[in-house]
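Presented below is the structure to which this report refers.
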Amino acid sequence: MVTLTIDGHNVTVEDGSTLLDAASAVGIRIPTLCFHPDQKIKANCRICVVEVEGMRTLAPACSTPVREGMRVKTLSKKVRMARKNILELIFAHHSKDCLQCGKNGTCELQAIAEEMHFDYAVRYPVVIKGNGEKDLSSPSITRDVSKCIDCNRCFSVCNDVQTVCALSRSKRGYKTLVGPAFGKELAETVCINCGQCVQACPVGALTVHDDRDDVWDMLDSDKEVVVQIAPAVRVTLAEALGEDPGVISTGRIITALRRLGFDKVFDTDFSADLTIMEEGTEFLNRLKNGGTLPMITSCSPGWIKFCETFYPECLSHLSTCKSPQGMFGAIIKTYYAESVGKDPGDIYSVSVMPCTAKKFEAKRPEMKRDGHRDIDAVLTVQELAKMIRYAGIDFGSLTEGPFDEPFGTGSGAGEIFGSTGGVMEAALRTVYETVTGRTLENLDFTAVRGFDGVKEAVIDLDGKKVRVAVAHGLGNARKIMDAVRAGKADYDFIEIMACPGGCIGGGGNPIRNWKKLSRRMEAVYRLDKALPIRKSHENPAVRRIYRDYLIEPNGEKSHELLHTSYVDRSNIVK
Amino acid sequence: MNQLSKETIDEIRQLADVYKNANERMMEVLLKMQRLTNNCFDRETLGIVSDAMGIPESKLYDYITFYSRFSTEGRGKYIIRMCKSAPCHVCGAREVAQSICDYLEVEPGDTTDDGLFTVEFCECIGLCESSPSVMINDEIYSNLTPNKIKGILDCYQKGVRV
């Protein structure tokens, strides 16, 4: 342990802590920009500088380790002048049109400028990067280089965590630029639309592609506007509206969506259950008939694009099942349209997702039939939260509403799709009972829960040992996929989610860190425990749709509506 | 855009193998590759290099745009690197640079119309004791005067060894 003094307060912290940690331990928050609690230290923005007695220059608090007897000042005149100067240097390259910025009100730079009473007067020549045009090429992510402060947080998550490497750093000094190589548009790169860069960006340089206007217009039209909400949304939406991480707000979201004018509010947990029926059956068929194993889940569209781009030779390992969003989209425009006697063209299907890649998935050519898109618009949690605020709805005081039938029932198995390991656990609950014919006593497969990057388990299905693995975050997925490609993966069934933590860590959620993620994860399993039905095959809505329409899992109708195909995208890498 | 021949691509692959066996030789390997590719790594070329070396394009782009000896835009066969640091400057580097630009009818940063030379300024090349100095590709020319450099360029133009 090391003892030091910060602004006159004695503090004892562990050896190896930084000045930032030590200050935080005595309740002093030092401003930071390039620092991110989940990333390695970069120390390039310098806004966190402090004065250390005996040191010649100011020291960045994020990267300076504590030493015994240090005397630190975090707010001396010297520090304040330096920080003001740093803000001036940042604003010499940062477009100040905050009012038109997607991050207005949630921008970390804006917050620091406000805290420091910064008057936005810059003594340096102001040179804004880029040509004033935003990169709107990606259906998921909007990039505005005029806002970039070169903090490298997006670069770090894209290269180190996700190992996608769509973002590059180029040049140096004043000319430094973070973005795709050769000034390419995002859609031309290997970007897999996961939106983790949006989560990492402290300013408005990377934001979620905004589809709110289309939805507002449709809410005003004659079309029937139906909406589905994904499992993770109910544990992150309240957080996006200022409540604590992990607050469950399913009923209030339904009420809010009705108030916004959506005609029908459906539960994606239902189609998650449908996914389990299809994927579980597909897995058992592969196991029985010697199909390609290990089979890998296909719920995460970022992961799918990653596999198509970097592991095209492994596409046969992917389950052919559409994601829950995709399945629901197809069911709404067919079964539902028929049952309410409407032309699919008169139905506008919206989904609320924690995910930016779902916007890409909805636009895939495979996701339409007879000229009708399965899903017409995807809103992220961030966008729905903004719509709720725009409509002046006091989310905190809303009463809880029920989902609409016939797709208003989801099981706990569907709900846990929101967390890493959830799809695997949900599948195992159903697969176990299907194979053994016995009722599963303990539904909690805890080995596949939690935040370990790669989780493994062996499940005994009446003598047949099934080896499963779960990975979340594409850096972890790469470890498993290298083994799969080399034919050395000793697994039967693998779940992969593109985002760290699974959907609760998705790019469309409110900005997160691991601490918030664990609160969200607890909430997901709390929801599962509280639901009366916890197994997909026991969901009465699922049983009904098989009885009335689909006939059987993996049947002809299922294959037409609920399954899909993949494309080799590796030429974009070469 | 570089149109690389099959032979060039094979040579790039061989160099990539050198890197794969010894990662610390990245700079050397890339410099050698650049010599094969019109002194530039354009989009197509970098794609081939990335594939051969097994390094993502984004990381190679980071690397080659950081160091001034690499370029992403097409350059001449010979890169004239004129030192702009203080010791060369006080010994008459400005006049030498002016003489080069006048003789070749280009501005610093430009490539001659015949594609033979690209003229660039660079930081100190460590030859202060015999300044002013320039580098033409890997060759060093020191104690230059405006007249001397013209003679050297003339040899390059005629394809005669200096």
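Readers should treat all values here as calculations from the given coordinates under stated rules, not as data from a laboratory. Predicted model only: the values in this text are computed from it and were never measured. Every residue, glycine as well, gets a Cβ built from its backbone with ideal geometry; the counts of neighbours run over all protein chains shown.
Rounded to the nearest whole Hz, the Karplus-based 3J(HN,Hα) values (6.51 cos²θ - 1.76 cosθ + 1.60, θ = phi - 60°) of the stretch B:122-135 follow the sequence 9, 6, 3, 9, x, 10, 4, 5, 10, 6, x, 10, 9, 10, with x at glycine and proline.
Taking a Cβ cut-off of under 10 Å around A:PRO180, the surrounding Lys, Arg, Asp and Glu residues balance to a net charge of -2, with basic ones at +1 and acidic ones at -1. Computed with the Debye formula from one identical point scatterer per Cα of the stretch A:129-208, without solvent, the log10 of I(q)/I(0) at q = 0.11, 0.13, 0.22 Å⁻¹ comes to -0.22, -0.32, -1.01. By the count of other C-beta atoms within 10 Å, a proxy for reagent exposure, A:HIS117, A:HIS559, A:HIS372 are ordered fewest to most as A:HIS117, A:HIS559, A:HIS372.
If N is the number of residues in the stretch A:517-565, what value comes out of its Cα radius of gyration divided by 2.2 N^0.38 Å?
Computed over Cα atoms of the stretch A:517-565, the ratio equals 1.58.
Label-to-label distance, A:GLU552 versus A:LEU99, with points set 7 angstrom from Cα along the beta-carbon direction: 6.5 nm.
Cross-chain or 8 or more residues apart, Cα under 24 Å: how many lysine pairs in the stretch A:431-574 fit that? Count them up, please. Taking the Cα cut-off of 24 Å, the pair count is 18. With a 10 Å cut-off around each Cβ of A:178-186, the average count of Cβ atoms from other chains is 4. As a proxy for reagent exposure, ranking A:VAL52, A:VAL226, A:VAL233 by other Cβ atoms within 10 Å from fewest up yields A:VAL52, A:VAL226, A:VAL233. For the stretch A:508-513, backbone phi angles converted through the Karplus equation (6.51, -1.76, 1.60; θ = phi - 60°) give residue-by-residue couplings of x, 6, x, 4, 10, 9 Hz, Gly and Pro being listed as x.
For A:ARG438, the shell of other residues with beta-carbons less than 15 Å away shows a net charge of -2, using +1 for Lys and Arg and -1 for Asp and Glu. Remark: mean inter-chain Cβ contacts per residue of B:58-71 equal 5, using a 10 Å Cβ-Cβ cutoff to other protein chain atoms. Available extension along the chain between A:ARG71 and A:ALA483 is 143.2 nm, counting 0.36 nm per residue and deducting the alpha carbon span.
Amide H to amide H, with H built 1.01 Å from N, A:ALA489 comes under 5 Å of A:VAL484, counting only residues 5 or more places away or on other chains. Backbone phi angles across the stretch A:422-427, fed through the Karplus curve with coefficients 6.51, -1.76 and 1.60 (θ = phi - 60°), yield HN-Hα couplings of x, 5, 4, 4, 4, 5 Hz in residue order; Gly and Pro are listed as x. Counting Cβ atoms of other protein chains within 10 Å of each residue's Cβ and taking the mean over peptide A:171-177 gives 2.
How big is the C-alpha Rg of chain A next to the rule-of-thumb value 2.2 N^0.38 Å, as a ratio? Its radius of gyration relative to the 2.2 N^0.38 Å reference: 1.01. With no solvent and one point per C-alpha, what does the Debye sum give as log10 I(q)/I(0) for chain B at q = 0.10, 0.15, 0.19 Å⁻¹? Normalising to I(0) and taking log10 leaves -0.41, -0.84, -1.14.
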